[in-house]
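Take a look at the structure below.
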Amino acid sequence: MTEAKFIHMNGTLVPYADAKVHIQSPGMKFGIGVFEGVRGYWNAKREQMFVFRLQEHLDRLQFSMRVMRMDHDLTNDRLTEATLEVIRANEFRADIHLRPFAWVDGQGDMLATGPVAWSIAAVARPRSKLTEGVSCAVSSWRRISDTAMPPRVKASGNYINSRLGAQQSQLDGYDTVLMLTEQGRVAESYGSCFFMIRNGRPVTPNVTSSILESITRATLIDLLQEMTGREVEQRDIDRTELYDAEEAFLCGSSYEVQPILSIDRLDVGTGQVGALTRRLQQRYFDLVYGETNEHSDWLTPVYGAR
Ligand code: PMP
């Protein structure tokens, strides 16, 4: 990962190398922290950086802090201001990844609700290299559930489950993973949500399928409806439906729109990037880079007058 000049930490800009956390903090010891992954896209023609769906990410961060019962007085306005400050201070003129993070600091125990420390890191990160498609394995690791570790909360500890699934699939020679719910329905990948086109219809697991309520998923549901004129089905998906899909893809702020070419070594459709997936990818990139004025309310411009 590329370094940057500054990180925003507890309300001030600090040099990147100085953004440190104490080993005894509950955030470190027990993983009591919540975070977001947000993208900023640089439009060279317009000489502008656009942060994609920042408010939705900050709303989700607030929700995560609420469920984790973290005592804080952070507002979305303060977090927005800090996000813009850290991008401007680093003078980024390329695509970036932003990491807002809040954790329980101090020397408390597992139940400590504060003090809450926070940071916003921004690093240069080009578009995902995997937009040409990935191979995917259904994992023997099950996705965590709302009855134990809610996947809807973007908490650090949840990523132990993601790591188990993703590492196993990569050791087994696949690019990525699909995890099933405790009930054996399709949930999501380790940092992205799942869509397939089956019998011509776009389908995605519903929000009660042990998934993070992905902002990209919500974006693509809107775009697919606009593009195809039909509702995206949000429902339970069985494993064997995966083997009958015409197209499939993963989506997330980091992974963008990532076509799946095979699942468990069975080709998805023709084994090439599907036509609708390709069109959707294009439309997504047009939007996030501010190449079109549609849905411009999803973009926060960084430089110049807001
Ligand atoms: N699922 C998981 C487990 C994730 O970590 C992410 C990335 N935040 C996603 C899905 C995609 O979410 P989003 O579109 O909001 O980035």
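Rule-based calculations on the coordinates, nothing more; no lab input. Since this is a predicted model, take the numbers as computed values, not measurements. So basically every Cβ, Gly included, is an ideal-geometry build from the backbone, and we count neighbours across all protein chains shown.
What list of ³J(HN,Hα) couplings, whole Hz, do you get for the stretch 152-158 from phi and the Karplus terms 6.51, -1.76, 1.60, once you set θ to phi - 60° and write x for glycine and proline?
Values, residue by residue: 5, 8, 8, 9, 3, x, 4 Hz.
Separation of the stretch 166-216 and the stretch 96-136 by C-alpha centroid, Å?
21 Å
Which helices count as membrane-span-like in the chain under these terms: full DSSP H, at least 15 Å along the axis by C-alpha, Kyte-Doolittle mean of -0.5 or more?
The qualifying helices are 54-67, 215-228, 275-288.
Let me confirm the definition first: pairs of Lys residues in the chain, 8 or more apart or on different chains, C-alpha distance under 24 Å. How many are there?
Lysine pairs satisfying the spacing and distance rule in the chain number 5.
Could you order the peptides 164-174, 226-236 from most to least packed, using the average number of other C-beta atoms within 10 Å per residue?
164-174, 226-236
Highest mean first, what order results for 276-283, 48-55 on Cβ atoms within 10 Å?
By packing density, highest mean first, the sequence is 48-55, 276-283.
If you average the sequence gap of Cα pairs under 8 Å that are 6 or more apart and divide by the length of the chain, what percent do you get for the contact order?
Relative CO of the chain lands at 20 percent.
Ranking request for peptides 69-76, 21-28: highest mean number of other beta-carbon atoms within 10 Å first, then the rest in descending order.
Packing order, densest peptide first, comes out as 21-28, 69-76.
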